[in-house]
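J.: Just dropping this structure here.
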Amino acid sequence: MLRRGPGLHAGVSEETWGIPKEHVIGSASDYEYTNGAIVRTGRMLGGLALGPGKPAHIYAQTGRLPVFAGGNADVDIEMLASSKFALLLNHDDGDREYAYTTAAEKSLAKAKELGWTLVSMKDDWTTIF
């Protein structure tokens, strides 16, 4: 999941995929007005968007739960479960990209249990950048 407002993913989404940062939802830094200036704090606005925080952030920004959600780890389970269509990416190609299935065991089991679309980098992708 990407983020709404200022931040790394918001800037990357616009430059890379042409998705305006206003259309990107996720964790964002909190700011406060101090001594006449806007200052970035060490806190996350609305908490960190992991696990149950993901659908909560999506709902807070849109007033709806996602129709489509894509994820690749256990921290995405709640977001994927809250969507009408869920896609889980399995990072299982250690030859062409770093394979990491650790921290994805629960999501892989949940994908099978709930019938989510499962995409294998090893079996389903021709090219990995």
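The values are calculated or read from the model by the stated rules, or taken from the named source; none is laboratory data. Source: prediction; values computed, not measured. Cβ sites come from the backbone with ideal geometry, for glycine too, and all protein chains shown count toward neighbours. Ligands, DNA and RNA are stripped out before the accessible areas are found, and what is left, the full protein with its side chains, is counted by its heavy atoms. Shrake-Rupley method; radii C 1.70, N 1.55, O 1.52, S 1.80 Å.
J.: When only C-alpha pairs under 8 Å and at least 6 residues apart count, what is the relative contact order of the chain, in percent?
T.: 15 percent
J.: Moving on to the next point. Could you list which residues have their amide H under 5 Å from that of H91, counting only those 5 or more apart in sequence or on another chain, with H placed in the peptide plane?
T.: Y100
J.: Given the rule -39500 (n - 2.57) for each run of at least 4 DSSP H residues, summed and divided by the residues of the chain, what is its mean residue ellipticity at 222 nm, to the nearest 500 deg cm²/dmol?
T.: On the way: 5 runs with 35 residues, N = 129.
Estimated from H runs of four or more residues: -7000 deg cm²/dmol.
J.: Measuring from label point to label point, each 7 Å out along Cα→Cβ, what is the D30 to Y98 span in nm?
T.: A separation of 3.0 nm, rounded to one decimal place.
J.: Taking a probe of 1.4 Å, how large is the accessible area per residue of region 9-129, in Å²?
T.: Averaged over the residues of region 9-129, the accessible area is 64 Å².
J.: Let me ask another. Say the cut-off is 24 Å between C-alpha atoms; which of K21/K54; K54/K106; K84/K122; K54/K84 go over it?
T.: Check vs 24 Å cut-off fails for K84/K122.
J.: Calculate, axis by axis, the spread of Cα positions in the chain along the three principal axes, and write the results as whole Å, longest axis first.
T.: 55, 29, 26
J.: Let me make sure I get this right: for region 60-129, a, b and c are the square roots of the gyration tensor eigenvalues over alpha carbons, sorted descending. Under 1.5 in a/c it's rounded, otherwise prolate if a/b > b/c, else oblate. Which is it? Provide the component values of the computation, followed by the final result.
T.: Values: a/c = 2.14, a/b = 1.82, b/c = 1.17.
It comes out prolate by the Cα gyration axes.
J.: What's the center-to-center distance, using Cα atoms, between region 69-99 and region 15-48 in Å?
T.: Here the answer is 24 Å between Cα centres.
J.: Let me spell out the model: positive unit charges on the Cβ of Lys and Arg, negative unit charges on the Cβ of Asp and Glu, origin at the Cα centre of the chain. What dipole size does that give, in debye rounded to 20?
T.: Value, rounded to 20: 460 debye.
J.: Report, to the nearest whole %, how much of the accessible area of the chain belongs to carbon and sulfur atoms, 1.4 Å probe, protein only.
T.: On the way: 4650 of 8220 Å².
The C+S portion of the solvent-accessible surface of the chain is 57 percent.
J.: Which order, highest average first, do 20-29, 93-102 follow once you tally other Cβ atoms within 10 Å for each residue and take the mean per peptide?
T.: So the peptides 20-29, 93-102, ranked by packing, come out 20-29, 93-102.
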